[in-house]
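Trainee: Take a look at this one; I'll ask things after.
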Amino acid sequence: MKIALLGNSQFAVSAAWGLCQSETAHEVVFVSDATSNKNRFVSSKEDASGRLRDLVESNALSASDTAISFSNALEGLSGADVVILLPPIGQSGFRSAQASKTTGIALVRRFVPGIQQYASDAKILMAIAPTNYIAAWTHEALGGGKIIGLGNGTATAHLTTEIAKRVEVSVKDITALAIGSDWETYPLPQYCRVNGIPIAQLMSEAEIDSLSEAVSQRCPYTTQSEWTLISHILQVVSAIALDKKRVMSVGTHISAGETSVYLNVPAQIGSDGVTSIVPLELDVHQREQFKQLVSQSAEDQNSNTPQVR
């Protein structure tokens with residue numbers, strides 16, 4: 001499997017290292033936009049050769065056979081099975097949703113023609129925040145596509161660690177689920193378990209409400225921290241590469257009546273990307289929350305008018 005990494009160089013290096021160590025890909029290529037020096041992986045051929053040599057030699061030391069290459073042209077996307085769009089440098093410092101949207105789309109816009117021409121069948125992992133908004137824009141620009149948003153990793157990680165801390169158990173025993181949009185996150189306590197035991201048997205209703213509030217207060221549209229994002233990427237890539245059919249809460253294109261939006265919902269992921277959406281049993285309050293997520297996301301995402309087709 002060939003994986004193309006586009007965007008933030010530091011995230012790209014970390015992602016490449018993880019992909020090489022997991023050996024889920026036979027080739028990893030760094031692809032930059034030749035029309036803009038700002039978005040190049042490195043600023044000179046000398047820097048490129050140095051970074052690539054370091055990765056190649058570290059791979060040799062750890063006995064990884066994954067090939068690593070670098071392209072300052074969109075032709076480098078040719079034959080990619082998975083394309084990972086990483087956040088722009090400095091996006092984590094944004095203080096407004098609009099700034100994040102504008103900068104994210106400006107970056108993706110430059111890569112869409114290359115994806116259309118060279119990797120039209122690739123699975124696209126969208127790690128640029130706000131991920132569902134950018135995924136929806138990209139979906140419209142490409143006229144479809146196998147796009148998976150990676151915006152729910154922080155919420156899931158926070159929910160998992162909070163449950164483990166409050167119940168005083170290993171995180172290995174925690175199964176956690178949260179759904180949401182770019183702006184709202186709702187943990188689903190009935191699907192959170194400790195080695196199969198519902199958390200309602202281990203926590204009071206007040207404690208569960210406090211847990212849900214703590215997770216919901218996380219700021220969704222800022223870029224995920226580096227290692228949380230890399231871990232999320234590796235999990236999704238592994239599910240695709242090995243056709244694991246894993247169920248994970250990711251940004252997924254869903255239809256509710258006549259409305260189509262991207263939302264973070266549990267989906268089964270295999271070799272063809274998202275293969276199905278897992279149905280949920282929600283209580284009355286949660287159903288109302290879900291309707292609000294769809295309505296708010298539709299209003300937000302449908303304000304996009306991509307210029308690339």
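The values are calculated or read from the model by the stated rules, or taken from the named source; none is laboratory data. Just so it is clear, the model here is predicted, and its values are computed rather than measured. Cβ sites come from the backbone with ideal geometry, for glycine too, and all protein chains shown count toward neighbours. Protein only, heavy atoms only, side chains kept; ligands, DNA and RNA dropped before computing areas. Shrake-Rupley method; radii C 1.70, N 1.55, O 1.52, S 1.80 Å.
Trainee: Given the options Val215, Val167, Val236, which has the most mean-square fluctuation in a GNM of the chain, springs set between C-alpha atoms less than 10 angstrom apart?
Mentor: For the chain, modelled as a Gaussian network with Cα springs under 10 Å, the answer is Val167.
Trainee: How many nm is it between the label spots at Ser225 and Lys291, if each spot is 7 Å from the Cα in line with the beta carbon?
Mentor: So the label points at Ser225 and Lys291 sit 3.8 nm apart.
Trainee: Work from the charge dipole of the chain (Cβ charges, +1 for Lys and Arg, -1 for Asp and Glu, about the Cα centre) and give the residue of Leu74, Ile148, Ser9 farthest towards its positive end.
Mentor: With unit charges placed on the Cβ atoms, the residue in question is Leu74.
Trainee: Given the -39500 (n - 2.57) contribution per DSSP H run of 4+ residues, what per-residue ellipticity at 222 nm results for the chain, rounded to the nearest 500 deg cm²/dmol? Write down the numbers at each step before the final one.
Mentor: Values: 8 runs with 126 residues, N = 309.
Result for the chain, helices only: -13500 deg cm²/dmol.
Trainee: On to the next question. How far is helix 131-142 tilted off the main Cα axis of the chain, in degrees rounded to 10, range 0 to 90?
Mentor: 50 degrees
Trainee: Full extension from Ser22 to Glu75: what is 0.36 nm times the residue separation minus their Cα-Cα distance, to one decimal in nm? Before the final figure, lay out the partial values.
Mentor: Numbers: separation 53, 0.36 × 53 = 19.08 nm, distance 2.58 nm.
Gain on extension, Ser22 to Glu75, equals 16.5 nm.
Trainee: Using Cα pairs closer than 8 Å and at least 6 residues apart in sequence, work out the relative contact order for the range 143-206, in percent. Walk me through the numbers before you get to the answer.
Mentor: Working: 65 pairs, mean separation 15.4, N = 64.
It comes to 24 percent, rounded to a whole number.
Trainee: Report the gain in length on full extension from Asp54 to Lys172: 0.36 nm times residue separation, minus Cα-Cα distance, nm rounded to one decimal.
Mentor: Numbers: separation 118, 0.36 × 118 = 42.48 nm, distance 3.34 nm.
Full-extension gain reported as 39.1 nm.
Trainee: Given a 1.4 angstrom probe, I'd like the percentage of the accessible area of the chain that is carbon and sulfur, rounded to a whole number. Don't skip to the end; give the middle numbers.
Mentor: Values: 6860 of 14100 Å².
Of all accessible area on the chain, carbon and sulfur atoms account for 49 percent.
Trainee: So how much slack lies between Asn195 and Asp65, counting 0.36 nm per residue of separation and subtracting their Cα-Cα distance, in nm? Please list the in-between numbers first.
Mentor: On the way: separation 130, 0.36 × 130 = 46.80 nm, distance 3.62 nm.
Here the segment from Asn195 to Asp65 would lengthen by 43.2 nm.
Trainee: Helix 226-241 against the longest principal axis of the chain: what's the angle in degrees, Cα atoms only, rounded to the nearest 10?
Mentor: The answer is roughly 80 degrees.
Trainee: Please compute the per residue accessible area over the range 167-309 with all protein chains in place, 1.4 Å probe, rounded to a whole number of Å². Provide the component values of the computation, followed by the final result.
Mentor: Numbers: 7570 Å² over 143 residues.
Here the per-residue accessible area is 53 Å².
Trainee: On to the next question. Got the relative contact order for the chain handy, in percent, Cα pairs under 8 Å and 6 or more residues apart?
Mentor: Numbers: 593 pairs, mean separation 51.6, N = 309.
It comes to 17 percent, rounded to a whole number.
Trainee: Evaluate the relative contact order of the range 128-175 (contact order divided by residue number), counting alpha-carbon pairs under 8 angstrom at least 6 apart; express in whole percent. Show your work: numbers first, answer last.
Mentor: Numbers: 21 pairs, mean separation 13.3, N = 48.
In percent, rounded to a whole number, it is 28.
Trainee: Which angle from 0 to 90°, rounded to the nearest 10, does the C-alpha axis of helix 284-301 make with the longest principal axis of the chain?
Mentor: Between the helix axis and the principal axis of the chain, the angle is about 30 degrees.
Trainee: Could you let me know the centre-to-centre spacing of the range 168-192 and the range 111-153, using Cα atoms, in angstrom?
Mentor: The two parts, judged by their Cα centres, are 25 Å apart.
Trainee: Quick one: net charge of Ile269's neighbours, Cβ under 13 Å, K/R +1, D/E -1?
Mentor: On the way: positive: Lys123, Lys146, Lys244, Lys245, Arg246; negative: Asp243, Asp272.
Local charge sum for Ile269: +3.
Trainee: Roughly how many nanometres apart are two label points built 7 Å out from the Cα toward the Cβ at Glu299 and Ser96?
Mentor: Each label point is offset 7 Å from its Cα along the Cβ direction, giving 1.9 nm.
Trainee: Given labels modelled 7 Å from the Cα in the Cβ direction, how far is it in nm from Arg109 to Leu282?
Mentor: Here the answer is 3.3 nm between the modelled labels.
Trainee: Residues of the range 58-91 with backbone nitrogen within less than 15 Å of a virtual label 7 Å along the Cα-to-Cβ line of Ser271, please, listed as ranges.
Mentor: Residues passing the 15 Å test: 81-82.
Trainee: Can you sort Trp137, Trp227, Trp17 by 1.4 Å-probe accessible area, starting with the largest? Could you put the intermediate results ahead of the total?
Mentor: Values: Trp137 5, Trp227 165, Trp17 105 Å².
Largest to smallest exposure gives the sequence Trp227, Trp17, Trp137.
Trainee: Now, a different point. Can you tell which of Ala127, Ala60, Ala15 shows the greatest fluctuation in a Gaussian network model of the chain with Cα springs below 10 Å?
Mentor: In the Gaussian network model the winner is Ala60.
Trainee: Can you order the peptides 180-187, 201-208 by their average number of other Cβ atoms within 10 Å per residue, highest first? Show your work: numbers first, answer last.
Mentor: Details: 180-187: 23.6, 201-208: 12.9.
For the peptides 180-187, 201-208, the packing ranking is 180-187, 201-208.
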